[in-house]
Amino acid sequence: LSSTFDFAANLFPLSSTTGAGGYAPIGAPTSGARPRGMLGGGSLEKHKTLTYLNGLSLIIGLIIGSGVFSSPSQISSKVGSPGAAIVVWIVAGILAWTGAASYAELGGAIPLNGGAQVYLAKTFGELAGFLFTWTAVLVLKPGSAAIIAIIMGEYFVCAVIGAEAEYVNPWINKSVALAGIFSVTLFNCVSTRMGTRINDMLMFLKFVALLFVTVVGIVVAVTGYTFKGEKDVAWKAKDWFNDTSTDLSNWAVALYGGLWAYDGWDNTNYVVGEFRNPSRDLPRVIHSAMPLVIVSYVLANVAYFLVLPVEEVNSSNTVAVMFGSKVFGPVGSIILALMVSASCLGALTSSTFTAGRLVYVAGKEGYIPGLFGKIGINNQDPSVSTQRTRNWASRKLDQLFGDGEMGLFFTPIYALVLNGVITAGYCIVGEFPTLVTFYGVAGYTFYFCTVLGVIILRVKEPQLERPYQTWITTPIIFCCVSLFLLSRAVFARPIQTLAVVAFVIAGIPVYFWRVHGRDKLSKAGGGDAHKPWWRFWKK
Ligand code: ARG
């Protein structure tokens, strides 16, 4: 096994001056050989608090967000028939699952925080990992969070002022979205436990919502009547595969819609280092979350089609709300709109949790100012936090939400705030169709490269210890399909694809600036290069 790290040390000859926070992956040498770009989460990783259930709610919490309630129209209007739409939901789910299974292998072999950043650094060198972090910190994470926040705002406003409103000032939606971003950032700053608890609660609610839709759909289909007492003939009138499109590019666009709904399957990989038992739990989390999500998505979509005529599904951006109003009337649409906005809020919490860790690792690595790689209050010396004398209220808060002896605010506060600010920025200026395409192209480029890494590492390092190994066909299927999707995007949206390429390339000089500066200083000063100047001054 140690040859892995020898290999890595050869790849990154300058490694090892910045401490890895004391955490070493199973079997790795405890000091010295941790390569640059693979530091992981440092001191957060010393506190292994995450369990199987936390992992489950992190991944499901992000996957089930807006998509299953909003994308159905995008899918069915492209492929033409309900049956074909269901097929797309299944295919997209399986594709996401192959990606997640490949990531599970990587996460088991390299159990560090940081997700794709660490895997890319290991496979292709630190620059690749840096470019991922560069794109993820500045665009992918905050961009997708902003999209989810805006959708949350739209549904919430829709619930409050009624689905029928003709015109809503977009700033009302945006204010709700900003409020959501602010509160979610705050919860995550207070404690890991607070973030994960809220996540667990909202995950439960999402399943309730999906189950509710499914059961209601089946009841309406079987009895033939809606809960308002109207006769519902939608499902009888339907020929499930009538008018199916034969144009491949329509299917590709539909698949993109489905993939957005399943996106977030890499979420647990960002925090592998904080799992109590990563090599056992990560594959378990992925192989239970993915089938659960696929089944509930497919059932919910069948339910939409059982109740609503195809034309109505095709023409609405808010299928779930329309479903509610058809079955229960105005009250139904309000309930469903609230459920969807809660679901988005949950996705936002999950996304923020991991985004915070990603920015934090970037700070630790010296990619961004070192301040962002710091933990909040009480971080330097755990004994300080156990000796705290506190008033009743803060002790109570501590008991409820504190992370064991670390108390409150043992979180990457600065990273979370930075992420919150960028997200809010996108939310304010965001032009969403552009953001969504950009997200798809950039996201899938990195997914593709990372999963390709599974295959490359199998060849280059057959002896690497892999507690979990997926079938070799899994990464191959994922790579082929994502390559197909990316090539479609190049032709369909050349400008946006170019923008993605330009953005990623713009990261290269930044890499040399940050890393060169860091390494020069660390040669002289022993690994403190990425600390901001005022740290040196205090010394
Ligand atoms: N699947 C989520 C939804 O349907 C979107 C996830 C966005 N991805 C991310 N990595 N933040 O809303």
Amide proton proximity set for TYR225, modelled H, under 5 Å, gap of 5+: ASP232
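Ranked from highest to lowest mean number of other Cβ atoms within 10 Å per residue, what is the order of the peptides 480-487, 444-451?
444-451, 480-487
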How large is the convex hull of the Cα atoms of segment 210-347 per residue, expressed in Å³ as a whole number? 137 Å³
Across segment 148-226, what fraction of all alpha-carbon pairs, as a whole percent, falls in each successive 10 Å bin from zero upward? 16, 30, 33, 18, 4
With θ set to phi - 60°, apply the Karplus curve 6.51 cos²θ - 1.76 cosθ + 1.60 along segment 268-275 and write out the HN-Hα couplings as whole Hz, x wherever there is a Gly or Pro. 5, 4, 5, 10, 3, x, 9, 7
Measuring from label point to label point, each 7 Å out along Cα→Cβ, what is the PHE182 to GLN469 span in nm? 5.3 nm
For segment 334-349, what does the Karplus curve 6.51 cos²θ - 1.76 cosθ + 1.60, with θ = phi - 60°, yield as ³J(HN,Hα) per residue in whole Hz, taken in order and with x for Gly and Pro? 5, 4, 5, 4, 5, 4, 5, 5, 5, 4, 5, 4, x, 4, 5, 4
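Quick note: the coordinates plus some simple rules give every number you see, no bench work behind them. Everything numeric in this text was worked out from a predicted model, so none of it was measured. Neighbour counts run over all protein chains shown; Cβ positions are idealised from the backbone, glycine included.
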